[in-house]
1. Given a cut-off of under 8 Å on Cα pairs at least six residues apart, what relative contact order in percent is computed for the chain?
2. Measure nothing fancy, just the Cα-based angle from helix 166-180's long axis to the longest principal axis of the chain, in degrees from 0 to 90, nearest 10.
3. Does the stretch 1-110 come out rounded, prolate or oblate, given a ≥ b ≥ c as the square roots of the eigenvalues of its C-alpha gyration tensor, rounded meaning a/c under 1.5 and, failing that, prolate meaning a/b above b/c?
4. Can you give me the angle between helix 86-98 and the longest principal axis of the chain, using Cα atoms only, in degrees from 0 to 90, rounded to the nearest 10?
5. Within straight cross-link reach of Lys12, meaning Cα distance under 28 Å, which lysines are found once same-chain residues fewer than 8 apart are removed?
6. How large is the Kirkwood hydrodynamic radius of the chain, counting all unique pairs of alpha carbons, in Å?
Amino acid sequence: MSGQPWKLIASKQDRSYRVFSLRTDRARSPRTGKEHDFYILESSPWVNVIPITPKNEVVLIRQYRHGIREITLEIPGGLVEQADTPEKAAAKELHEETGYRESAMVPLGKVYPNPAIQNNACYTFLAVNVFPDGNQEQDEKEDIEVLLRPLPEIPRLIREGEITHALVLAAFYRFYMEYERGYFGANT
């Protein structure tokens, strides 16, 4: 019968890296009864933050991404450290990557980046009425440029392929779903 959970036979940690570890699961198909190995990337949860200023500008970041060897236009985000909640991590990433702080942090939901091979979730937050509050606190592996763009310009940046990061697109999708429902006021 399809649509049933697979029975887990065995699970073992293979290798661990700083941002993820590799796990091998052996599971039995409920349809065929056959056992198969599955390789899972385990990671802490991630966060994304859509920071909007009182002037209705989005604080964006531009940075080099080694996976695709290109510079991307994104929103702030990162890993949720063990001692942090997703909301606390969102506020921390916002400040570290941009030097901005928020008046309020509004949860917009979560997505699973790739549930076929990953076990983590990515939480999205709206940072309301952000303001500059000091310098960026980038780690030694970051080189981030901060840009401000009017909120109405975001759909064009997506359409024209300037914003291509899938999790950033998912974050803006969540934001615009709530925005269209009137969840946010005129000035967010």
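1. After rounding, I find 22 percent.
2. Once rounded, one gets 60 degrees.
3. prolate
4. Between helix and principal axis, roughly 50 degrees.
5. Within the straight-line cut-off, Lys12 pairs with Lys34, Lys110.
6. 18.2 Å
Values in this text are rule-based calculations from the coordinates and carry no lab data. It should be emphasised that the depicted structure is a prediction, and the values quoted were computed from it without experimental measurement.
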